[in-house]
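Chemist: This is the structure I want to talk about, given as structure tokens.
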Amino acid sequence: MIYLDYAATTPVDSRVLDAMFPYFREFFGNPSSIHRYGQKAENAVDDAREKVAAVLHCRPEEILFTSCGSESDNLALRGAAQAARTQRKNPGEKWILTARNEHHAVSKTAMQLEKEYGFLLEWLDLDERGAVTPAALSKAVCSDTVLASVMYANNEIGTINPIQELAKVARSNDVVFHTDAVQAAAYLDVDVETLGVDLMSLGGHKFYGPKGVGALYVRKGTGLVPHLTGGGQEFGLRAGTQNVPYIVGFAEALRLAAEEREARTAHVKPMRDQIIGRVLEEISDSQLTGHPENRLPNHASFVFKDVDGNLLLQMLDSAGFACSSGSACKTGNPEPSEVITSLGYSREWALGSLRITLGAESTPEHVDQFLTALPELVEKVRNLNQR
């Protein structure tokens, strides 16, 4: 079986596992306990926070550990929106800005804030490649806008957004700016000082860390109302006993991702380019989704006309290839992805989406085998659709 779905999740790096193991048995204490067991665990969390802060170029106290990227997104949007409502001098209606091609952890949270909490929601315009431009954000901002959320790189189509420029627009209008960097952190620079963001979400399992752990960067001075209350963990902003081994693993995985970024990019990018070139050349009625160059270096995504994407995935799996039709949170849904339809594709195109994402264990031989099998499988699915 050849794995080509690294955007959905990655295997845990053996070096990350080595860092985690002692905190399951040997140093198992609760970080909130004051005895030596607790102190050892607390030191591990503190060290991990410093390690993450070093990669992000921020203060350790600006890092909150969460259970995943989705929780980080939820805390960022809910926390910042509610804080803005209570802290702003004008208590009237407040606007939230985001795009329809965001991960559901952002888009559905924004919709719930509108439906249940009375915020006003505006969807940002996208360009033909699925990016949010600074001009689009400037056009949408008004005096009552309190929060804008734009993902760093799209998980389904790979397009990279101009986060630094977008953050400048937000800051000049006194708008809190959040970016979901869950997909981006494996390959892109996450220096928050350079990016200029106020809030940034990360998830460990996208860069060879464990599932079930994430982080949220919160710039000092950014208002945030906790959505999980209890003890005083994570500076009183995210209650719950800290998952020490996973936090240790998250920090080590992020450190390695930053340290090895250039080598990892050099490994996957030529294979990605080969996939894009040959698919468009060899398969009729195929189109690349997302930006042709300004995209994640391991990410290739397509739509095929008159193809059932889920059936294609099943056939690929039977042939020995693990791919996806987009977000792992959407796979299996017979309806077209909102990300694909936001690009203007009709249903006959949008249902035939395919995402191929490469990683540490991908090889040119894997890519050759995949590219040999794919054209025939696409043709088989088309023939079945015509019956």
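The values are calculated or read from the model by the stated rules, or taken from the named source; none is laboratory data. This one's a predicted model, so the numbers in the text were calculated from it and none came from an experiment. When we count neighbours, we look across all protein chains shown, and the Cβ atoms used for this are built from the backbone with ideal geometry, even at glycine. Each accessible area value is taken on the protein alone, full model and side chains, heavy atoms only, with ligands, DNA and RNA left out. Shrake-Rupley method; radii C 1.70, N 1.55, O 1.52, S 1.80 Å.
Chemist: Among the residues of region 84-95, are any open to solvent by less than 40 Å² (accessible area, probe 1.4 Å), modelled with pLDDT under 95 and assigned to a helix (DSSP H, G or I)?
Modeler: Checked against the condition, which is being open to solvent by less than 40 Å² (accessible area, probe 1.4 Å), modelled with pLDDT under 95 and assigned to a helix (DSSP H, G or I), region 84-95 yields at least one hit.
Chemist: Working carefully through the options 116, 128, find the one that is surrounded by fewer than 16 Cβ atoms within 10 Å (Cβ to Cβ), in a helix (DSSP H, G or I) and at pLDDT below 95. Write out each step before concluding.
Modeler: Working: 128 fails: in a helix (DSSP H, G or I).
Criteria check complete, one pass: 116.
Chemist: Taking region 145-175 on its own, how many of its residues are open to solvent by 40 Å² or more (accessible area, probe 1.4 Å) and either in a helix (DSSP H, G or I) or polar (S, T, N, Q) (or both)?
Modeler: Here the count works out to 6.
So that you can scan it fast, the table gives a plain yes or no per residue for (1) within 30 Å of residue 136 (Cα to Cα); (2) open to solvent by 60 Å² or more (accessible area, probe 1.4 Å); (3) modelled with pLDDT of 95 or more; (4) in contact with a strand residue (DSSP E or B) (Cβ under 6 Å, 6 or more places away or on another chain):
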{"residue": "177", "(1), (2), (3), (4)": "yes, no, yes, yes"}
{"residue": "211", "(1), (2), (3), (4)": "no, yes, yes, no"}
{"residue": "219", "(1), (2), (3), (4)": "yes, no, yes, no"}
{"residue": "250", "(1), (2), (3), (4)": "no, no, yes, no"}
{"residue": "253", "(1), (2), (3), (4)": "no, no, yes, no"}
{"residue": "273", "(1), (2), (3), (4)": "yes, yes, yes, no"}
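Chemist: When you go through 163, 157 one by one, which is the residue that is among the β-branched types (Val, Ile, Thr), without any contact (Cβ under 8 Å) to a residue 40 or more places away in the chain, under 29 Å from residue 260 (Cβ atoms) and in contact with a Leu (Cβ under 9 Å, 6 or more places away or on another chain)?
Modeler: Only one candidate qualifies: 163.
Chemist: Taking region 151-178 as the region of interest, how many residues are in contact with a Ser or Thr (Cβ under 8 Å, 6 or more places away or on another chain) and acidic (Asp, Glu)?
Modeler: Count: 1.
One line per residue, one yes/no per condition, for (1) of a type outside the set (A, V, I, L, M); (2) open to solvent by 40 Å² or more (accessible area, probe 1.4 Å); (3) touching a Pro at 6+ places or on another chain (Cβ under 6 Å); (4) closer than 27 Å to residue 187 by Cβ:
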position	(1), (2), (3), (4)
291	yes, yes, no, yes
297	yes, no, no, yes
301	yes, no, no, yes
356	no, no, no, yes
370	yes, no, no, yes
375	yes, no, no, no
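Chemist: Is it true that some residue in region 132-144 is closer than 17 Å to residue 80 by Cβ, of a type in the set (D, E, K, R) and surrounded by fewer than 16 Cβ atoms within 10 Å (Cβ to Cβ)?
Modeler: Yes.
Table: residues versus (1) among the hydrophobic types (A, V, I, L, M, F, W, C); (2) over 22 Å from residue 339 (Cα atoms).
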position	(1), (2)
224	yes, yes
233	no, yes
246	no, yes
252	no, yes
295	no, no
323	yes, no
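Chemist: I'm trying to understand the selection: among the residues of region 6-46, which are assigned to a helix (DSSP H, G or I), open to solvent by less than 80 Å² (accessible area, probe 1.4 Å) and more than 17 Å from residue 242 (Cβ to Cβ)?
Modeler: 14, 16, 17
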